[in-house]
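> After the structure tokens below, expect a handful of questions from me.
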Amino acid sequence: IGRKRSAMTNDVPLLLGLRHLALRVRDIRRAKEFYLKFFGMKVVWEPDAQNCYLSSGTDNLALHEVSEDTAAAASSNPLDHFGFIAETAAAVDSWAHWATQNGARIVKTPKQHRDGSYSCYLADPDGNTIQVLYEPTISRR
């Protein structure tokens, strides 16, 4: 039985897996303590009082505190984005180029971030935000 081939090419640039999640939280201190205590995560970076990046060593979790006026929305949809890890920044570029060529809607083009990571963002058919990310502390594990 023959299968209908997708219009996409099969030469998808390799990614290392789904190892990043970003959540909107109402109380960053409380959320951070929860993930440290119950899952043994460690703080990797706290760029400001509203953002905290945690890691298990192989996975990472970003916590983004929302303001009072957006807390209701955060309660109904706490997911900010999730991310697939790339081995290098060049792999992010290759993947973004491939995805664009194959009809993905890129939300943010590849760029360097303050913490040394490098990523791009796209939207899935339902509008969920997906990050393709090179993150030095976990990309090479």
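The values are calculated or read from the model by the stated rules, or taken from the named source; none is laboratory data. Keep in mind it's a predicted model, so treat the numbers as computed, not measured. Here the Cβ is made from the backbone with ideal geometry for all residues, glycine too, and neighbour counts use every protein chain on show. Remember, those area values only see protein heavy atoms, side chains included, never the ligands or the DNA or RNA. Shrake-Rupley method; radii C 1.70, N 1.55, O 1.52, S 1.80 Å.
> What are the pairs, 6+ residues apart or on separate chains, where a residue within the range 72-97 that is assigned to a helix (DSSP H, G or I) has its Cβ under 8 Å from a residue that is at pLDDT 95 or above and of a type in the set (S, T, N, Q)?
Hits for this filter: Ala89/Gln112; Val92/Ser119; Ala96/Thr109.
> Let me ask something else about it. From the list Asp11, Asp27, which one is of a type in the set (Asp, Glu), touching a Phe, Trp or Tyr at 6+ places or on another chain (Cβ under 8 Å) and either modelled with pLDDT of 85 or more or within 21 Å of Gln131 (Cα to Cα) (or both)? First the steps, then the outcome.
Working: Asp27 fails: touching a Phe, Trp or Tyr at 6+ places or on another chain (Cβ under 8 Å).
Exactly one residue qualifies, and that residue is Asp11.
> Between residues in the range 30-49 that are in contact (Cβ under 8 Å) with a residue 12 or more places away in the chain and of a type in the set (Ser, Thr, Tyr) and residues that are part of a strand (DSSP E or B) and crowded, with 16+ Cβ neighbours inside 10 Å, which pairs lie under 8 Å by C-beta distance while being six or more apart or on different chains?
Matching pairs, first to second residue: Tyr35/Leu54; Tyr35/Leu61; Tyr35/Leu63.
> Okay, next question. So which residues in the range 76-98 are over 14 Å from Thr129 (Cβ atoms) and among the aliphatic types (A, V, I, L, M), if there are any at all? Spell out the reasoning first.
Here is the first cut: in the range 76-98, the ones over 14 Å from Thr129 (Cβ atoms) are 76, 85-98.
Answer for the range 76-98, where residues must be over 14 Å from Thr129 (Cβ atoms) and among the aliphatic types (A, V, I, L, M): Ile85, Ala86, Ala89, Ala90, Ala91, Val92, Ala96.
> I'd like the residue in the range 99-109 that is part of a helix (DSSP H, G or I) and farther than 12 Å from Val132 by Cα and, out of all such residues, is least open to solvent (accessible area, probe 1.4 Å).
Result: Thr100.
> When you scan the range 110-132, do you find a residue that is in a strand (DSSP E or B) and open to solvent by 70 Å² or more (accessible area, probe 1.4 Å), even just one? Steps first, please.
Quick first cut of the range 110-132, residues in a strand (DSSP E or B) only: 110-112, 118-123, 129-132.
Restricting the remaining residues to those that are open to solvent by 70 Å² or more (accessible area, probe 1.4 Å) gives 111-112.
Yes, some residue in the range 110-132 is in a strand (DSSP E or B) and open to solvent by 70 Å² or more (accessible area, probe 1.4 Å).
> Exactly one condition in (1) over 23 Å from Asp124 (Cα atoms); (2) β-branched (Val, Ile, Thr); (3) at pLDDT 95 or above is false for Val92; which is it?
Every listed condition holds for Val92 apart from (1).
> Continuing with the same structure: Six or more apart or on different chains, Cβ atoms under 6 Å: show the pairs whose first residue is in the range 116-139 and farther than 15 Å from Ser55 by Cβ and whose second is open to solvent by 40 Å² or more (accessible area, probe 1.4 Å) and among the aliphatic types (A, V, I, L, M).
Short answer, once both residue conditions are applied: Tyr121/Val107; Leu122/Ile106; Leu122/Val107; Ala123/Val107.
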